[in-house]
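Asker: Sharing a structure here in structure tokens format.
Read-outs: derived from the displayed coordinates by stated rules, not from any lab. Since this is a predicted model, take the numbers as computed values, not measurements. Quick reminder, even Gly has a Cβ in these numbers, built from the backbone with ideal geometry, and neighbours come from all protein chains shown.
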Amino acid sequence: MDQINEQQEITTKWIESLALEEINMEESGVVNFNDHLNPLHMLEESSIDFMDQLREKFEIFVSKFNQFRGSNQSGSAIKVFKISNTINDFMLFRNSLRLVVARKAADLITIGFLANGKEVFTARLRSTDSTGSQGVHEVRAHLGPFNNISWRFNGEIVEVEALVRHYLSEFIRNSAR
């Protein structure tokens, strides 16, 4: 039921935005006829929304993990922090390991681990990977027909919950003492 309500909210957001723009236009006298055709504006909105979805899912699962672990106040609890001076970048922290999720551009979100404040590595993608490679993973926006934006990793469409499950699993396993 919640998923249906969430989907209805997502699908009606654009029409609510149009109504608000029209009200603002009537009050201010400023008319914006082409915003819906500006891909940069659309990518900016989409990346902020995608980051909000990621953070919300991470917070839900982190809260559940801490609750099941019984460690909300102990050193083994996972903490979620907003990164200052950014719109909505965030990181997870536990036992000197950080998982950093950052919006680097309107069409680019990076995800990577930072160990001991200096060593950067990515999550493993297969069970045959011994460790993650250097650097970060990139999730990129793809602008399709009719300005439809999808988020992709290595060319494949990303499902938010699957992405969060993968990175949070890697984070928990790599940050365990």
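Asker: Quote to one decimal, in nm, the extra length available between Ala105 and Ser76 on full extension: 0.36 nm per residue of separation minus the C-alpha distance between them.
Answerer: Between Ala105 and Ser76, full extension yields 7.1 nm more.
Asker: So for the pair Glu56, Phe146, with labels modelled 7 Å out along Cα→Cβ, what separation do we get in nm?
Answerer: With each label placed 7 Å out from Cα toward Cβ, I get 2.3 nm.
Asker: Of the listed peptides 83-90, 136-143, 60-67, what is their order by residue-averaged count of other C-beta atoms within 10 Å, with the highest listed first?
Answerer: Details: 83-90: 13.0, 136-143: 17.5, 60-67: 14.8.
By packing density, highest mean first, the sequence is 136-143, 60-67, 83-90.
Asker: Now for a separate question. How far, in nm, would the chain grow between Arg173 and Lys13 when pulled straight, counting 0.36 nm per residue and subtracting the alpha carbon separation?
Answerer: Numbers: separation 160, 0.36 × 160 = 57.60 nm, distance 3.72 nm.
Result: 53.9 nm gained on full extension.
Asker: Provide, as a two-decimal number, the C-alpha radius of gyration of region 39-175 over 2.2 N^0.38 Å, N being how many residues it has. Please list the in-between numbers first.
Answerer: Working: Rg = 15.2 Å, N = 137, 2.2 N^0.38 = 14.3 Å.
So region 39-175 has a normalised radius of gyration of 1.06.
Asker: Moving to a separate point now. At a Förster distance of 25 Å, what's the computed FRET efficiency of Glu45 paired with Phe68, Cβ-Cβ distance as r, to 0.05? Mind showing how you got there, number by number?
Answerer: Working: r = 35 Å, r/R0 = 1.41.
That pair, Glu45 with Phe68, gives E of 0.10.
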